Amino acid sequence: MEASIRQELSNAQRLGIMGGTFDPIHYGHLVAAETARVELGLDYVLFIPTGESPHKNNLKVTDAEMRFEMVEISIKNNKYFKASRIEIERKGPSYTVDTLREIHKLLPKQEIFFITGTDAMIDILSWREPEEIFRLARVIGASRPGYESQKHLAKIFSQYPESRDRLYQLEIPALAISSTYIRSRVGNNKSVRYLLPDEVRMYIENNGLYR
Ligand code: NAP
């Protein structure tokens with residue numbers, strides 16, 4: 001992790017980690033992070049765009065540097081939001097357990113809340129070392145309204161009883177926006193205004209992304 005970020009976060013007690021591909025980041029992600037910050041009393045939220053996603057065909061994912069730049073542009077006016085290149089710099093697939101271990105090693109006193117989409121979270125049993133993830137962090141699944149995850153969560157709880165007080169769902173109405181929807185609209189030459197920050201919209205346009 002970047003030394004400057006470690007220094008800034010060293011006084012935090014409760015730290016949110018916002019993990020995602022962010023291809024591109026949009027207002028749904030930003031509202032989810034802000035809601036989690038307020039509801040869970042987090043001191044900071046650290047955005048960590050994935051480097052190489054273990055579950056994705058990376059040919060279809062935008063260059064990590066560009067996804068990172070879009071995240072940086074989006075959060076620059078919020079003093080509680082930071083972004084880290086920790087997964088981009090690490091070689092090989094971005095396993096969440098490796099990221100959490102590294103953060104825990106550098107910031108051992110902080111309580112960690114890993115925030116991601118509920119549909120990503122319910123697959124957690126297929127991730128590397130889920131038990132270790134539950135030990136290192138609480139996992140918050142941000143969901144779209146009406147998203148049904150109870151059946152999946154019950155399965156996780158029965159297989160890993162220790163996850164019972166480590167997994168939560170947080171409903172975020174603004175998550176009706178999705179990166180897939182934005183990519184498809186850009187591809188069809190339709191407006192994405194008001195779905196994501198204007199500067200990110202300009203970045204997409206200037207770099208010819210999702211065409
Ligand atoms: P994804 O499949 O691209 O996204 C799944 C769903 O969750 C999408 O609807 C997505 O909406 C939403 N989402 C993703 N991140 C979000 C966030 N931070 N806040 C709110 N909604 C979010 O999932 P992904 O982005 O590749 O992975 C999510 C996180 O899980 C990453 O940090 C990844 O490293 C981790 N993960 C780890 C493993 C592993 O360790 N083996 C495996 C899979 C995922 P949008 O498309 O609108 O973002």
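The values are calculated or read from the model by the stated rules, or taken from the named source; none is laboratory data. A quick note: this is a predicted structure, and the numbers were derived from the prediction, not measured. A quick note on method: Cβ atoms are made from the backbone with ideal geometry, for glycine too, and the neighbour counts reach across all protein chains shown.
crowded, with 19+ Cβ neighbours inside 10 Å, of a type outside the set (Ser, Thr, Tyr) and at pLDDT below 95, is that true of Leu175? So Leu175 fits the description; yes. Consider the stretch 1-60 and keep the residues that are within 7 Å of the ligand (Cβ to nearest atom) and hydroxyl-bearing (Ser, Thr, Tyr). The one that is farthest from the chain's Cα centre (by Cα) is Ser53.
Candidates are the residues of the stretch 62-101 that are of a type in the set (Val, Ile, Thr) and more than 15 Å from the chain's Cα centre (by Cα); the one that is farthest from Asn207 (Cα to Cα) is Ile73. Among residues of the stretch 106-122 that are over 12 Å from Leu9 (Cα atoms), those with a beta-carbon under 7 Å from a residue that is away from the ligand (no atom under 16 Å from the Cβ) at least six positions away or on a different chain give the pairs Phe113/Arg14.
Applying the criterion of being among the aliphatic types (A, V, I, L, M) and either in contact with a Cys (Cβ under 9 Å, 6 or more places away or on another chain) or closer than 24 Å to Val45 by Cβ (or both) to the residues of the stretch 129-155, the residue that is farthest from the ligand (Cβ to nearest atom) is Leu153.
Of all the criteria given as (1) modelled with pLDDT of 95 or more; (2) not in a helix (DSSP H, G or I), the one not satisfied by Lys91 is (1). Taken over the stretch 13-31, the criterion of being closer than 28 Å to Ile177 by Cβ and in a loop (DSSP other than H, G, I, E, B) is satisfied by Thr21, Phe22, Asp23, Pro24, Ile25, His26. From the list Gly92, Gly28, the one residue that fits, being surrounded by fewer than 16 Cβ atoms within 10 Å (Cβ to Cβ), among the small types (Gly, Ala, Ser) and out of contact with any Phe, Trp or Tyr (no Cβ under 9 Å at 6 or more places or on another chain), is Gly92. Condition test on Tyr203, is it hydroxyl-bearing (Ser, Thr, Tyr), in contact (Cβ under 8 Å) with a residue 12 or more places away in the chain, within 21 Å of Gly16 (Cβ to Cβ) and not in a loop (DSSP other than H, G, I, E, B)? Criteria not met by Tyr203. A search for C-beta distances below 6 Å between a residue of the stretch 142-161 that is farther than 11 Å from Leu175 by Cα and any residue that is exposed (fewer than 10 other Cβ atoms within 10 Å of the Cβ), counting only pairs 6+ apart in sequence or on different chains, returns nothing. Within the stretch 17-63, the set of residues being of a type in the set (A, V, I, L, M) and within 18 Å of Leu196 (Cβ to Cβ) comprises Met18, Ile25, Leu30, Val31, Ala32, Ala33, Val45, Val61. Within the stretch 132-172, being among the hydrophobic types (A, V, I, L, M, F, W, C), over 18 Å from the mean Cα position of the chain (by Cα) and buried (at least 18 other Cβ atoms within 10 Å of the Cβ) holds for Leu153, Ile156. Every condition in (1) in contact (Cβ under 8 Å) with a residue 60 or more places away in the chain; (2) among the hydroxyl-bearing types (Ser, Thr, Tyr); (3) surrounded by fewer than 23 Cβ atoms within 10 Å (Cβ to Cβ); (4) not in a loop (DSSP other than H, G, I, E, B) is met by Ser74 except one, and the failing one is (3).
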